[in-house]
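Chemist: My questions will all concern the structure given below.
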Amino acid sequence: MYKILRFLIIFLFFLSYTLPLSAKVIDRIVAIVNDDVITLSELNEITKYLTHHDNPPLEVKRKVLEELINSRLALQEAEKLGIQVDEKEIDMAIKGLLAQSGATLEELKRDLEKNGISFKEYKQWLKEQIVKSKLLALEVQGKVTVTDEEIKKYYEAHKDKYKGYTEYHLRHILLLKPQDAGEIERIKEMQKKILQLLKEGVPFCELAKQYSQAPTAQDGGDLGWLKEKELAPEIKTALKGLKPGEITPWLDTDPGYQLIQLVEARSTPDKPLAEVKDQIYKILYQKKVEQRYKHWLEQLRKKAYIKILL
């Protein structure tokens with residue numbers, strides 16, 4: 001059931017910034033953030049939770065501490081802006097998270113208890129996450145715009161990404177190249193025999209099971225669907241003009257001598273801008289959000305009094 005608790009915590013955007021502490025032992029201060037402090041016990045507990053180690057490297061602790069500082073700054077800024085969260089919002093968030101995880105409220109409470117966290121502490125932590133999410137929406141997401149011109153420019157610059165392609169469903173028979181030159185004639189005879197059996201109507205898949213030296217032999221040589229760009233040049237060339245069911249000549253490839261059967265081919269057309277516009281919007285929007293968040297956080301830290309004592 002530990003996985004349920006971890007899902008509920010990871011689900012939120014500001015994971016790892018602040019977790020509820022069941023025992024706040026004020027042993028010493030590791031950071032001062034304006035008029036707030038972060039203690040070693042807080043840092044140790046969140047670091048242990050994230051890394052599952054009692055004594056992780058100092059550089060890991062410092063990284064976690066930086067995120068804790070960012071979290072405190074965000075909460076302080078939210079308080080200045082008067083951002084609030086009521087009990088109803090917290091309850092709705094818990095219901096949503098439980099629905100996503102498939103857990104019950106009783107299971108959540110049991111998991112919290114096993115990890116030394118009371119339900120009251122968890123709700124307080126959840127409230128902080130919602131506050132910070134609202135702050136992010138107000139200060140970052142709400143100030144990001146993506147224009148049609150930017151979307152068009154991205155599309156033109158990444159046209160290869162949206163180009164159509166052909167893919168093939170293939171079967172093959174592989175004969176490994178002999179180590180001994182004296183074996184070459186035996187391989188040639190084997191190739192002739194397989195071609196003759198195909199002419200006599202023996203199914204390609206049966207011959208692959210019997211003669212192929214590839215791992216796919218047990219599946220009748222089935223290679224599945226492969227995009228044209230994934231094929232070796234000699235195979236790509238040999239497939240040109242083939243109809244479903246037809247075979248290539250024996251090909252000298254890196255793995256060995258291969259006989260390829262085209263089972264089926266299908267083509268996907270180019271994707272026009274109208275079709276991928278929403279997809280590109282999300283890419284550009286997310287990139288801008290990350291850039292703006294980084295800048296916003298930098299500005300927040302510049303205005304703050306921060307002293308690290310770790």
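The values are calculated or read from the model by the stated rules, or taken from the named source; none is laboratory data. Worth saying up front: this structure is predicted, and the values here are computed from it rather than measured. Because the Cβ atoms are built from the backbone with ideal geometry, glycine has one as well, and the counts that use them run over all protein chains shown. We work out accessible area using only protein heavy atoms, side chains counted, and drop any ligands, DNA or RNA first. Shrake-Rupley method; radii C 1.70, N 1.55, O 1.52, S 1.80 Å.
Chemist: Give the residue list of trypsin sites (Lys or Arg not before Pro) in the range 161-228 that are DSSP loop and have at most 13 other beta-carbon atoms within 10 angstrom.
Modeler: Here the trypsin sites (Lys or Arg not before Pro) that fit, given the DSSP loop and packing criteria, are Lys163.
Chemist: How would you order 68-75, 277-284 from highest to lowest mean count of nearby Cβ atoms within 10 Å?
Modeler: Packing order, densest peptide first, comes out as 68-75, 277-284.
Chemist: May I ask you to compute the full-extension gain from Glu106 to Glu87, defined as 0.36 nm times their residue separation minus their alpha-carbon distance, rounded to one decimal in nm?
Modeler: Answer, rounded to one decimal: 5.0 nm.
Chemist: Any idea which of Trp225, Ile46, Gln299 is furthest toward the positive side of the dipole for the chain, if Lys and Arg beta-carbons carry +1 and Asp and Glu beta-carbons -1?
Modeler: Gln299
Chemist: Just to check I understand the Karplus step: with θ = phi - 60° and J = 6.51 cos²θ - 1.76 cosθ + 1.60, what whole-Hz values come out for the range 190-205, glycine and proline as x?
Modeler: Listing the rounded values in order: 5, 4, 4, 4, 5, 4, 5, 5, 5, 4, 7, x, 5, x, 4, 5 Hz.
Chemist: Using modelled amide H (1.01 Å from N, peptide plane; none on Pro or chain starts), what sits under 5 Å from the amide H of Leu223, excluding residues fewer than 5 places away?
Modeler: Distant-sequence amide H within range of Leu223: Leu170, Arg171, His172.
Chemist: Quick check: from the Cα gyration tensor, does the range 210-310 come out rounded (a/c under 1.5), prolate or oblate?
Modeler: Prolate shape, in that a/c is at least 1.5 and a/b is the bigger ratio.
Chemist: For the chain, which whole percent of the accessible surface, found with a 1.4 angstrom probe, sits on carbon and sulfur atoms?
Modeler: Carbon plus sulfur share of accessible area: 52 percent.
Chemist: Using just the helices of the chain, give the 222 nm mean residue ellipticity in deg cm²/dmol: DSSP H runs with n ≥ 4 each add -39,500 (n - 2.57), and the total is spread over all residues, rounded to 500.
Modeler: That comes out to -17000 deg cm²/dmol.
Chemist: May I ask you to order 29-41, 261-273 by the average number of other C-beta atoms within 10 Å around their residues, highest value first?
Modeler: Most protected by this proxy first, the peptides run 29-41, 261-273.
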